[in-house]
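Scroll down for the structure; my scribbles are underneath it.
The values are calculated or read from the model by the stated rules, or taken from the named source; none is laboratory data. Remember, predicted model here, so these are calculated numbers, not experimental data. Cβ sites come from the backbone with ideal geometry, for glycine too, and all protein chains shown count toward neighbours.
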Amino acid sequence: MKHIFSKQNKALLSELVRTDFKLRYQGSVLGYAWSLLRPLLLFIILYVVFVKFLRIGNGVPNYPIYLLLGIVLWNFFAEMTSQGLSAIVGRGDLIRKIRIPRWMIIVSTSISALINLTLNMVVVIVIAIIGGMHFLTSSVFLPLFLLEIYLFALGITLFLSALFVKYRDVSYIWEVCLQAGFYITPVIYPLSLIKNVNVQKLILMNPLGQAVQDARNVFVTHATITNSEVFHNQFIRIIPISIVILVLILGVWYFKKHAKSFAEDL
Amino acid sequence: MDDIAISVKNVSKSFKLPHERNSSLKSTIIHPFKKKTYEHQEVLKNISFEIKKGEFFGIVGRNGSGKSTLLKILAGIYSPNKGSVEVQGKMTPFIELGVGFNPELTGSENIYLNGALLGFNRKEMSAMYDEIVAFAELEKFMDQKLKNYSSGMQVRLAFSIAIQVQSDVLILDEVLAVGDEAFQKKCIDVFESYKSKKQTIVLVTHDMSTVKRFCTRAILISEGDIITQGNPNKVANDYSELNNEVIDKNITAKSEARATRHKTQTNLIGKNVIKYGEDIHLVVDWSKCDKKVKNLGVALYGNAGEYIFGANTILDEYNLKDATKAEYKISAHMGSGNYHFKIGIFGDTDKEIIEYIDDGPEFTIKRNPDLKWEGLSYIKHEWKKA
């Protein structure tokens, strides 16, 4: 464990993230500005579609921010898992020729995704200020739920990236899973839209559904339905977080088990 | 035990090569219980050795002997099935130069990236930066993207990073195989300085002259086993011997092929791999040609196609009469290397070529460490102070 934060590893991590970031907007005129511009433009589209035309968020206070936060969190999860998934295979040239800790590659893509999340959160906050939203003091708990999503995504990424080395089908399957997950998770619709309590419960069992709702609850409005509202049994309430921990442990275990032979299997 | 840099204990490695790779989930789902058949390829068999600090250690072996696998295990890229490798201090492997170089980054960005991959942070790299750039002679190009570099410039940059790296143990894999003559000369100079500085080096190579010149100790690997260990000269000679066996097999196979292609049979009597000064007997048998042969010519050629020596029976005023078979003997006063004969048989006039054998028998003269000269042939010479 003491090697994880060694000087070399830190240097390598920062260099990998830096390179990733430098190359991301390579060849574009606006460069880094795109990392702020892109979420902003996406938000305008969503705002027009969902707030002006579909009006599904009527009755939810600060719905634009509510919607935007959901989208930002979902995008973070989707970006981190789908990019992390192919990271080991994509960095095959390094793995076959140099001795670097394999997990470093996954962590570096996850940090790139985290940086993007931070920039997106800046956009969210700026829009919230412009929109005149009243900031809740409970917002201080927001990072906790971001951390939960991060750890969930990390566990999944570790597992999938190692699996992807052996089975290239994984990327297609995961693409479908993400698409399904997008609708299972209350991202674009408020949970209050679903009247069936059992379906609500099911949605909130999912760590992402729970984390997104909790994040909205502490940051946007306390009127958000969260799992402490839906579940009365304390033990059921901890199911989502238990899933996160389980997925993380499984992911680390599977990755560790197969990391040794990546160089041969690639 | 403090003077041991790397200790390799009972390392075994085998690769599982599936006969038909099940790379999609579909085939796994459709035939979940279908037994996959594997071929177990044992690449390294229970290898143990130690490398002491300050040694210039050579690992030699033919292609496919397992030396690259061993190197990757030493470098920590592969993990052994059995056994262990212990390394004292910081080790930097160079399986390839310029690992992780990105064409979209500038020269200086690539230096830092490559440095980080080798385990050096920005501060450490900044300290070496100027020397790296100066050695590569690329001062003007550091802010340009790597994709605008010529391939020679890229190699120079990669190599300068490699040699500036301060590490307890360096692992080098045939770095010398790339680059032009001037570049190889630079490599040699670097090796010299490593050797004088007592830097611990592990070098994997095919080039026996490098082994003899630089290595303080070496091992020879064949089919996953260490055959010879210790003195680099002994290792180099055993390696040549090993190659000779293979050459011998090749030559035999070629002569069988030749026999079916030509009516005239040409063969060497005795070994195909000989020592300097030994006799070579070539037998030419044209009994199947059904023609009267007046002149038999034999020419000796070197490996690069250089014409070394030629003679024929008419010039030598030797009368073949009605013979259908002749023997030609020369003594091999040539340097080590591969040689072959070209044979022509002629009728009444030189113009009547009965058969011309371009790819006649081959032979190899073994490297002889006791010979005090180099080149194709021995030439009488003397030295005088002037």
Task: Residue list for the stretch A:89-106, filter: in contact (Cβ under 8 Å) with a residue 40 or more places away in the chain, within 14 Å of chain B (Cβ to nearest Cβ) and in contact with a helix residue (DSSP H, G or I) (Cβ under 7 Å, 6 or more places away or on another chain) - done: A:Val89, A:Ile95, A:Arg96, A:Ile100, A:Pro101, A:Arg102, A:Met104, A:Ile105
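Can you tell which of A:Leu119, A:Leu154, A:Leu144 is touching a helix residue (DSSP H, G or I) at 6+ places or on another chain (Cβ under 9 Å) and either buried (at least 20 other Cβ atoms within 10 Å of the Cβ) or not in a helix (DSSP H, G or I) (or both)?
Working: A:Leu119 fails: either buried (at least 20 other Cβ atoms within 10 Å of the Cβ) or not in a helix (DSSP H, G or I) (or both); A:Leu144 fails: either buried (at least 20 other Cβ atoms within 10 Å of the Cβ) or not in a helix (DSSP H, G or I) (or both).
Of A:Leu119, A:Leu154, A:Leu144, the one residue that is touching a helix residue (DSSP H, G or I) at 6+ places or on another chain (Cβ under 9 Å) and either buried (at least 20 other Cβ atoms within 10 Å of the Cβ) or not in a helix (DSSP H, G or I) (or both) is A:Leu154.
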Open item on the list: Looking at the stretch A:12-34, I want the residues that are away from every other protein chain (no Cβ under 11 Å) and have a partner that is in a helix (DSSP H, G or I) and buried (at least 18 other Cβ atoms within 10 Å of the Cβ) with Cβ atoms under 7 Å, at least 6 apart or on another chain. Which pairs are those?
Closed with: A:Phe21/A:Ser112
Task: The lone exception for B:Gly64 - which of (1) farther than 16 Å from B:Gly224 by Cβ; (2) without any contact (Cβ under 8 Å) to a residue 40 or more places away in the chain it fails - done: (1)
Open item on the list: B:Ala326 - would you say it is touching a helix residue (DSSP H, G or I) at 6+ places or on another chain (Cβ under 8 Å) and among the small types (Gly, Ala, Ser)?
Closed with: no
TODO: Please specify each residue of the stretch A:187-246 satisfying the condition of being farther than 20 Å from A:Gly59 by Cβ and in a loop (DSSP other than H, G, I, E, B).
DONE: A:Asn206, A:Phe231, A:His232, A:Asn233, A:Ile238
- [ ] Would you be able to tell me the number of residues in the stretch B:360-377 that are assigned to a loop (DSSP other than H, G, I, E, B), modelled with pLDDT under 85 and on the phi < 0 side of the Ramachandran plot?
- [x] 10
TODO: Would you confirm whether any residue within the stretch B:173-181 is buried (at least 16 other Cβ atoms within 10 Å of the Cβ), more than 23 Å from B:Leu70 (Cα to Cα) and at pLDDT below 80?
DONE: yes
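Yes or no, residue by residue, for (1) in contact with a strand residue (DSSP E or B) (Cβ under 6 Å, 6 or more places away or on another chain); (2) more than 25 Å from A:Phe141 (Cα to Cα); (3) acidic (Asp, Glu); (4) without any contact (Cβ under 8 Å) to a residue 60 or more places away in the chain:
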site	(1), (2), (3), (4)
A:Leu160	no, yes, no, no
A:Tyr172	no, yes, no, yes
A:Leu193	no, yes, no, no
A:Gln213	no, no, no, yes
A:Phe219	no, no, no, no
A:Ile236	no, no, no, yes
A:Ile241	no, no, no, no
A:Leu250	no, yes, no, no
TODO: Hey, can you tell me all the residues within the stretch A:241-265 that are more than 20 Å from the chain's Cα centre (by Cα) and away from chain B (no Cβ under 11 Å)?
DONE: A:Trp253, A:Tyr254, A:Lys256, A:Lys257, A:His258
Open item on the list: For the stretch A:160-215, give me each residue that is polar (S, T, N, Q), modelled with pLDDT under 90 and crowded, with 16+ Cβ neighbours inside 10 Å.
Closed with: A:Gln200
Task: Boolean, B:Leu220 is part of a helix (DSSP H, G or I), on the phi < 0 side of the Ramachandran plot and in contact with a strand residue (DSSP E or B) (Cβ under 8 Å, 6 or more places away or on another chain) - done: no
- [ ] Considering each of A:Arg18, A:Arg99 in turn, give the residue that is touching a strand residue (DSSP E or B) at 6+ places or on another chain (Cβ under 9 Å) and within 30 Å of B:Gly76 (Cα to Cα).
- [x] A:Arg99
- [ ] Say whether the condition of being under 30 Å from A:Arg99 (Cα atoms) and either among the acidic types (Asp, Glu) or more than 14 Å from chain B (Cβ to nearest Cβ) (or both) is met by at least one residue in the stretch A:197-214.
- [x] no
TODO: Report yes if some residue within the stretch B:89-108 is in contact with an Asp or Glu (Cβ under 8 Å, 6 or more places away or on another chain) and basic (Lys, Arg); otherwise report no.
DONE: yes
Open item on the list: It is to be established whether one or more residues within the stretch A:60-80 are modelled with pLDDT under 90, under 30 Å from A:Asn217 (Cβ atoms) and either more than 23 Å from the chain's Cα centre (by Cα) or within 14 Å of another protein chain (Cβ to nearest Cβ) (or both).
Closed with: yes
- [ ] Taking B:Ser209 as the residue in question, decide whether it is at pLDDT below 85, under 26 Å from B:Ile51 (Cα atoms), touching a strand residue (DSSP E or B) at 6+ places or on another chain (Cβ under 6 Å) and not in a strand (DSSP E or B).
- [x] no
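Being assigned to a helix (DSSP H, G or I) and within 11 Å of chain B (Cβ to nearest Cβ): is that true of A:Leu37 here?
no
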